[in-house]
Amino acid sequence: MKTENIENYLNSFARQVVKESKALLEKDKGNTALGNSIRATVSTDPNGFSVKFFMSDYGTFIDKGVSGNKKKTSYTNYKGKKESSPYSYTTKQPPTSIIEKWIKKKGIRGRVNKNWKSAGKRGGQFIKDKAFAFLIARSIKAKGIKSVSFFSKPLGINYKELQDNFLKQFSKDVTTYITTFTKQK
């Protein structure tokens, strides 16, 4: 039996999830390498169809967030319900070297205010990028990484629609099969 309608529908579903995921990620984080890495494939095997989504490994941490050791993070799962992030910082913190590269790329400089009483005023001297990166890493360890749910939300919304419309596509394929089978006799 040909399954053209189902396969086309699943390809459309996968493209829509990828498109919406990239759009949400870009809205929250800007155009990133992570956004460029998101893709999907639809394949068939003797057991049916398979839709697989791919992205850079760290994408799941951005999607679901990471709890800090002082603050818990939650995300919206594909069913639309809030869940605690399965990831957390306990004793280790993010690598300073990666944050240092990010600081340089963004052109951010850390400052130490010599006179703490005048904290509202600009002043103080710049600190080294390595020290600034360490302070950011320590803050991330304590507060965690906020969830973006850039993949979970589109997957859930489109999966709900997939469930509603899949039977229609299956029906079209069955009708086409019966019509073709009847004509061959």
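A few points about this structure:
- Among (1) of a type in the set (Gly, Ala, Ser); (2) touching a residue at least 24 places away in the same chain (Cβ under 8 Å); (3) crowded, with 17+ Cβ neighbours inside 10 Å, the one test that GLY35 misses: (2)
- Test: residue in segment 114-131 that is surrounded by 13 or more Cβ atoms within 10 Å (Cβ to Cβ), at pLDDT below 90, of a type outside the set (A, V, I, L, M, F, W, C) and part of a loop (DSSP other than H, G, I, E, B): yes
- So ALA14, is it under 29 Å from ASN165 (Cα atoms) and hydrophobic (A, V, I, L, M, F, W, C): yes
- Condition check for SER97: outside the structural domain of GLU161 (by TED's automatic domain parsing), over 11 Å from the mean Cα position of the chain (by Cα), under 27 Å from ALA131 (Cα atoms) and not basic (Lys, Arg): yes
- Inclusion of GLY59 among residues that are out of contact with any strand residue (DSSP E or B) (no Cβ under 6 Å at 6 or more places or on another chain), at pLDDT 90 or above and small (Gly, Ala, Ser) is warranted.
- Taken over segment 57-67, the criterion of being crowded, with 20+ Cβ neighbours inside 10 Å and part of a loop (DSSP other than H, G, I, E, B) is satisfied by GLY65 alone.
- In the set (1) exposed (fewer than 12 other Cβ atoms within 10 Å of the Cβ); (2) outside any loop (DSSP other than H, G, I, E, B); (3) modelled with pLDDT of 90 or more; (4) not assigned by TED's automatic domain parsing to the domain that holds GLU4, the condition left unmet by LYS70 is number (2).
- LYS29 being within 28 Å of ILE98 (Cα to Cα), basic (Lys, Arg) and outside the structural domain of TYR159 (by TED's automatic domain parsing): no
The values are calculated or read from the model by the stated rules, or taken from the named source; none is laboratory data. Since we're looking at a predicted model, the values are computed, not measured. Don't worry about glycine lacking a Cβ; one is built from the backbone with ideal geometry, like all the others, and counts go over all protein chains shown.
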